[in-house]
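Enquirer: Shown below is the structure under consideration.
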Amino acid sequence: MKRFRRLRRDERIRSLMQETRLCRADLLYPLFVIEGENIKNPVASMPGVFQYSIDCLDEVLVRVSRSRIGGVLLFGIPAVKDETASQAYAEDGVTQRAVSYIREKYPEIYVVVDVCLCEYMSHGHCGLVRGETVLNDETLPLLAKMAVSLVRAGADMVAPSDMMDGRVAAIRKALDDAGFSQTPVMAYSAKFASAYYGPFRDAAHSAPGFGDRKSYQMDYANGQEALREIEADMEEGADIVMVKPALAYLDVLKEASAQFRIPFAVYNVSGEYAMVKAAAQNGWLDEKKIVTENLTAMKRAGAKIIITYHALDVAEWLHGDREAGRM
Ligand code: PBG
Ligand code: ZN
């Protein structure tokens, strides 16, 4: 008889056998920065998540810094939105100012910035719009401009999330031409048109004003197409590729990470966070256990980087467990 239970007898041997272990360094924490002053707005559908104005950022940045997580993923919410997303690439845009602030005051924090136009567009779509059509090629120069302006402000990495074709190449070329050949691009390569983004769109004020995002984000029925998207982004020069959302897409992550030799990121998105929080607040699930299980599954499926709103909590739990000798 195979006696698998020999290696499960007590915590010591189980720990020795553990194949996948979360670490704080794996985690990126999404951060919403809103134009204005003295703002710390709770996001109703995401308990524990806030929009901060730049002058109120210190509280969370100190936590990020102490937590020793991998870094932050920044989203900006401008006061003015228009049809060309001009605040997305304005030198003094709220996101650019937030990046410079963090860069100056917290040089130890690794700053990744989400590159997408939807938060800056009056219509809420991720690209330029003509009639009801979201334009692809016309959008690329704006994304490239946004990426360069953010790196100029001090961003360590850019993460295009718009799902326009050819944007990784456009951004890579623009960064190289501007002298930023050392700045990596983390591409949201297999980003599905998902109902799991609902809470995020409240947090980032980025819900599309008409229609949906299905003409650019992927159909969640398609796994093979996800592999083609990832392959294309690799060819265009992506340094890291992403699968998003996480939990309902671990099959995609698993297959892609087995197939391609490149670091993978996965985004544990707002709706996934909201579901866990709601159940935990009702006492229906143990938050710490469920989050640890979920994130471990993401790493087991092949993620090197996990982007999660739970990052700061997880860092504290891991630290506590280590202090208590439980890991
Ligand atoms: C911007 C963007 C979105 C998310 C990350 N970048 C929203 C969207 O595509 O509608 C979703 C993140 C989350 O739900 O936590 N394009
Ligand atoms: Zn977008």
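Enquirer: Which of THR95, THR292, THR133 ends up with the largest GNM mean-square fluctuation for the chain, with Cα atoms connected below 10 Å?
Expert: With Cα springs under 10 Å in the chain, the top fluctuation among THR95, THR292, THR133 is at THR133.
Enquirer: Leaving out ligands and nucleic acids, and using a 1.4 Å probe, what accessible area per residue does segment 259-327 come to in Å²?
Expert: Values: 3260 Å² over 69 residues.
Here the residues of segment 259-327 average 47 Å² of exposed surface.
Enquirer: I need two numbers for segment 185-327: Rg to one decimal and Dmax as a whole number, Cα atoms only, in Å.
Expert: Reported Rg and Dmax, both Å: 16.2, 53.
Enquirer: Between ARG5 and ALA324, what's the calculated FRET efficiency when r is the beta-carbon distance and R0 is 41 Å? Round to 0.05.
Expert: Efficiency, from the Cβ-Cβ distance: 0.95.
Enquirer: For segment 4-54, divide the Cα radius of gyration by the Kirkwood radius and give the resulting Rg/Rh value with two decimals.
Expert: Checking Rg against Rh, the ratio lands at 1.38.
Enquirer: Could you go through segment 6-22 in sequence order and give the Karplus-derived ³J(HN,Hα) for each residue, using 6.51 cos²θ - 1.76 cosθ + 1.60 with θ = phi - 60°, rounded to whole Hz, and x for Gly and Pro?
Expert: Couplings: 4, 8, 10, 5, 8, 4, 5, 6, 4, 5, 5, 8, 4, 7, 10, 9, 5 Hz.
Enquirer: Another one. At q = 0.12, 0.15, 0.16, 0.20 Å⁻¹, work out log10 I(q)/I(0) for segment 20-134 with the Debye formula, treating every Cα as an identical point scatterer and leaving solvent out; two decimals please.
Expert: Reported log10 I(q)/I(0), two decimals: -0.47, -0.70, -0.78, -1.10.
Enquirer: With only Lys, Arg, Asp and Glu charged, each at its Cβ (+1 for the first two, -1 for the last two), find how big the charge dipole of segment 180-327 is about the Cα centre; round to the nearest 20 debye.
Expert: On the way: 16 positive and 20 negative charges, 44 e Å.
Dipole of segment 180-327, to the nearest 20 debye: 220 debye.
Enquirer: Rounded to the nearest percent, how much of the accessible area of the chain (1.4 Å probe, protein heavy atoms only) is carbon and sulfur?
Expert: 50 percent
Enquirer: Let me ask something else about it. Round to the nearest 10 and give me the degree value, 0 to 90, for the angle of helix 224-236's Cα axis relative to the longest principal axis of the chain.
Expert: With rounding to tens, the tilt is 60 degrees.
Enquirer: Using a 1.4 Å probe on the protein heavy atoms only, what accessible surface does HIS205 show? Give it in Å² to the nearest 10.
Expert: Number for this one is 90 Å².
Enquirer: Specify the inter-centroid distance of segment 207-275 and segment 6-77, based on alpha-carbon positions, in whole Å.
Expert: Distance between centres, Cα-based: 21 Å.
Enquirer: Then there's this: Using a simple charge model, +1 on the beta-carbon of Lys and Arg, -1 on the beta-carbon of Asp and Glu, nothing else, what dipole does the chain show about its Cα centre, in debye to the nearest 20?
Expert: 1920 debye
Enquirer: Measuring with a 1.4 Å probe in the full set of protein chains, what accessible area per residue, in whole Å², belongs to segment 151-195?
Expert: 32 Å²
Enquirer: Per residue, how large is the accessible surface of segment 1-86? Use a 1.4 angstrom probe and give square angstrom. Kindly include the intermediate steps, with their values, before the conclusion.
Expert: Numbers: 5130 Å² over 86 residues.
Using a 1.4 Å probe on heavy atoms only, each residue of segment 1-86 averages 60 Å².
Enquirer: Now for a separate question. Give a residue-ordered list of calculated ³J(HN,Hα) values for segment 303-318 (Karplus: 6.51 cos²θ - 1.76 cosθ + 1.60, θ = phi - 60°; whole Hz; x for Gly, Pro).
Expert: 7, 8, 10, 10, 8, 8, 6, 8, 3, 5, 5, 4, 4, 5, 4, 4
Enquirer: Under 10 Å, Cα contacts only: if you run a Gaussian network model on the chain, which one of GLN87, GLN51, GLN281 comes out with the highest mean-square fluctuation?
Expert: GLN281
Enquirer: Tell me the net charge near THR183. Cut-off is 14 Å between Cβ atoms, THR183 excluded, with +1 for each Lys or Arg and -1 for each Asp or Glu.
Expert: Working: positive: ARG103, ARG152, ARG172, LYS173; negative: ASP156, ASP176, ASP177, ASP239.
Net local charge, THR183 excluded: 0.
Enquirer: Starting from the Cα gyration tensor of the chain, take the square roots of the eigenvalues, sort them a ≥ b ≥ c, and report rounded, prolate or oblate (rounded when a/c is under 1.5, otherwise prolate if a/b is larger than b/c, else oblate).
Expert: Note, shape of the chain comes out prolate.
Enquirer: Given axes a ≥ b ≥ c from the Cα gyration tensor, I'd like to know whether segment 247-327 is rounded (a/c under 1.5), prolate (a/b larger than b/c) or oblate.
Expert: Oblate, because a/c is 1.5 or more while a/b does not exceed b/c.
Enquirer: Near SER149, within a Cβ-to-Cβ distance under 13 Å, what is the net charge of the other residues, with Lys and Arg +1 and Asp and Glu -1?
Expert: On the way: positive: ARG97, LYS145, ARG152; negative: GLU91, ASP92.
Here the charged neighbours net out to +1.
Enquirer: Let me ask another. Return the sequence-ordered ³J(HN,Hα) values of segment 79-95 in whole Hz as given by the Karplus equation 6.51 cos²θ - 1.76 cosθ + 1.60 applied to θ = phi - 60°, using x for Gly and Pro.
Expert: Those phi angles translate into 6, 10, 10, 9, 8, 10, 6, 4, 6, 5, 10, 6, 4, 9, x, 4, 6 Hz.
The values are calculated or read from the model by the stated rules, or taken from the named source; none is laboratory data. Computed from a prediction, not measured in an experiment: that's the story for all the values here. We place every Cβ from the backbone using ideal geometry, glycine too, and count neighbours over all the protein chains shown. Heads up: the accessible areas ignore ligands, DNA and RNA and are worked out on the full protein's heavy atoms, side chains in. Shrake-Rupley method; radii C 1.70, N 1.55, O 1.52, S 1.80 Å.
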